[in-house]
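The values are calculated or read from the model by the stated rules, or taken from the named source; none is laboratory data. No experiment lies behind these values; they were computed from the predicted model shown. Every residue, glycine as well, gets a Cβ built from its backbone with ideal geometry; the counts of neighbours run over all protein chains shown.
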Amino acid sequence: MPPLSADPTLITPAAPRHDLHYQVWPKRLPRRITPPQTSLWHNLAVSALRFPDKPALVFFDRVLSYAEVVRQAERLAATLHRLGVRKGDRVLLDMQNCPQWVIAHFAVLRADAVVVPVNPMNRAEELKHYITDPDVKVAIIVADLASELARANAQLAPEERLAHLIVTHYGDAFDMQPQGQGDEAMPEAWREWLGTQHALPALEGGTVMRWADAIVDRGEGSEPPAHTATPQDLAVLPYTSGTTGLPKGCMHTHASLMHNAVASCLWGNSTFENVVLSVVPMFHITGMVSVMHAAIYGGATLVIMPRWDRELAGRLISRWGVTHWTNIPTMVIDLLASPNFASFDLSSLVYIGGGGAAMPQAVAQRLWEQYGLRFAEGYGLTETAAPSHSNPPDATKQQCLGVPFLSTDARVIDPLTLQEVPQGEQGEIIMCGPQNFQGYWKRPEATAAAFIELDGKRFFRSGDLGRVDEQGYFFITDRLKRMINASGFKVWPAEVEALMFKHPAIQEACIISTKDAYRGETVKAVVVLRAEARGKTTEDDIINWCKDNMAAYKYPRVVQFVDALPKSGSGKVMWRVLQEAESGAV
């Protein structure tokens, strides 16, 4: 027999292996891919050439073909050019899921510009940052949010303000139906929200244009200039918060998003006949890349929901024969709890998965036993263009992040020594792949801190602690970063605290998490009031102010007044002490 030294596993028994997950790798898939070397715009253009009359977008009673989506995007791109948008300029997009979001997104790309997607729950105080930080001069927004953006704009210095605002109504994309007619009929509770015609706001120092005027056919010779964006050009600048300061823009190129759009199609067994339920928000990286871009690349039909409603979702899945549904687990839980669930036909579904929170084992088991569906949990961040990990659809593990995604090298390191830890031990999850962002907009120091070099590769530090099992599946074990996960929405305490300090009655505030029966976690504020406000300001006063000045998922649901916050010798607030006390109390 050969000497022991011939077996490298006997020389270094604890050496980490990076191929464990190939034991469960789908045999139908390559381990890495070579995506198209074109811009994201070409994905829509090619699908329109292949399937001009095929439904691209479905929104209540309205169906838009691929040819019509391209036509409207081309016209809007020409309008953006007339308004002064040039290559590399940033254009803000602020609306819930709707056809206009898709059209506007691709129009910005067609104009060689960069999409800045904004959470429509943000209020004026938050919106100011999304105008000034990316130097936005043109915004496309839905009418019920336009006054909030105009209010934010008016509070800025003249040189920082928007120059142009394009405003759409949700009703621009559908016909209001009589109550209760058809599977596509909107929930009655939405009719006022979606159907109200709002007056256009005044834009301080700028112009306002209606959507219909922005996509009007202006005849021959009014086409936008030639499309010149390359895979290496910036395509999207989504913002993500962190442990300190205001949200940071993540610089994503056409190439980084293209990789995960193509990879998501392959991973989910996609065909040209896919029908995709689009309810995860498109302003979020998952809804944008794994749902919208993947569907457009694959020539699929997107059935769009502006918000979650379990009855509408059940009807749409049944009516359109939805095959693919990416979601957050709370949506599945809610749908299964519908009193009308037995009337819904889920038999068309071939793929169901998502992330943001763990899927309860009992719910996953029910999906498998009743429908033969394995819920494929995944994991990723804004910085990784959604999935960096995902469960193979035919080899899922519950309560698990999955295995490293196509073309991805993921490892676990000691967060202090930055050395890899043995398989099974806890450490920080890092990942290297073509889907990683280029860095943080205008934040070179934050960019430098976010990456490390290992084995000659550039790895992104996730800030999440996890481990790898013997088959190469990754599991989250804890958080290295200070973050609250409320129904899949990430809430960063530092950002909430910064906003709360603007309240005239607040002297100090510390944000921690507290348990919530539905959201899993929710936001709690521990507050020290100014002396003159004590006895005059109530907990509800603080909550209501926060509700008016913060996104709905972000504002504190619980406020506790204290005389002082615990502090270290250097004067830093010891938030962990408060968090541990809260965790022990609940």
- [ ] Identify the single condition in (1) touching a residue at least 12 places away in the same chain (Cβ under 8 Å); (2) under 30 Å from VAL280 (Cα atoms) that ASN544 does not satisfy, given that it satisfies every other one.
- [x] (1)
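For segment 126-138, check the following and say yes or no: at least one residue is of a type outside the set (S, T, N, Q) and either free of Cβ contacts under 8 Å to residues at least 24 places away in the same chain or over 20 Å from ASP89 (Cβ atoms) (or both). Step through it out loud before you land on a result.
Here is the first cut: in segment 126-138, the residues of a type outside the set (S, T, N, Q) are 126-131, 133-138.
Then keep just the ones that are either free of Cβ contacts under 8 Å to residues at least 24 places away in the same chain or over 20 Å from ASP89 (Cβ atoms) (or both); that gives 126.
Taking every residue of segment 126-138 in turn, at least one turns out to be of a type outside the set (S, T, N, Q) and either free of Cβ contacts under 8 Å to residues at least 24 places away in the same chain or over 20 Å from ASP89 (Cβ atoms) (or both).
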Task: Restricting segment 537-586 to residues that are modelled with pLDDT under 90 and among the acidic types (Asp, Glu), the residue that is farthest from MET500 (Cα to Cα) - done: GLU580
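Regarding segment 473-488, can at least one residue be identified that is acidic (Asp, Glu) and over 26 Å from TRP25 (Cβ atoms)?
Step one: of segment 473-488, the residues acidic (Asp, Glu) are 478.
Filter once more, so that each one left must be over 26 Å from TRP25 (Cβ atoms): 478.
Checked segment 473-488: at least one residue is acidic (Asp, Glu) and over 26 Å from TRP25 (Cβ atoms).
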Task: Single condition ARG17 does not satisfy, out of (1) surrounded by fewer than 17 Cβ atoms within 10 Å (Cβ to Cβ); (2) part of a loop (DSSP other than H, G, I, E, B); (3) at pLDDT 95 or above - done: (3)
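Inside segment 458-471, can you point out the residues that are within 17 Å of GLN435 (Cα to Cα) and surrounded by fewer than 14 Cβ atoms within 10 Å (Cβ to Cβ)? Working first, answer last.
The initial filter retains those residues of segment 458-471 that are within 17 Å of GLN435 (Cα to Cα), namely 458-462.
Within segment 458-471, just ARG458 meets the criteria.
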Task: LEU257, sole failed condition from (1) assigned to a loop (DSSP other than H, G, I, E, B); (2) within 16 Å of HIS42 (Cα to Cα); (3) touching a helix residue (DSSP H, G or I) at 6+ places or on another chain (Cβ under 8 Å) - done: (1)
- [ ] Any residue in segment 518-532 that's farther than 17 Å from GLN579 by Cβ and without any contact (Cβ under 8 Å) to a residue 24 or more places away in the chain: show its pairings with residues that are of a type in the set (A, V, I, L, M) and buried (at least 20 other Cβ atoms within 10 Å of the Cβ) at Cβ separation under 7 Å, as long as the two are six or more apart or on different chains.
- [x] none
Open item on the list: Tally up the residues in segment 467-494 that are among the charged types (D, E, K, R), out of contact with any Gly (no Cβ under 8 Å at 6 or more places or on another chain) and outside any strand (DSSP E or B), please.
Closed with: 1
TODO: Taking ILE103 as meeting all but one of (1) of a type in the set (A, V, I, L, M); (2) within 19 Å of ILE304 (Cα to Cα); (3) part of a loop (DSSP other than H, G, I, E, B), write down the number of the exception.
DONE: (3)
Open item on the list: Can you tell me which residue is farthest from ALA498 (Cα to Cα) among those in segment 133-160 that are assigned to a helix (DSSP H, G or I) and under 21 Å from the mean Cα position of the chain (by Cα)?
Closed with: LEU145
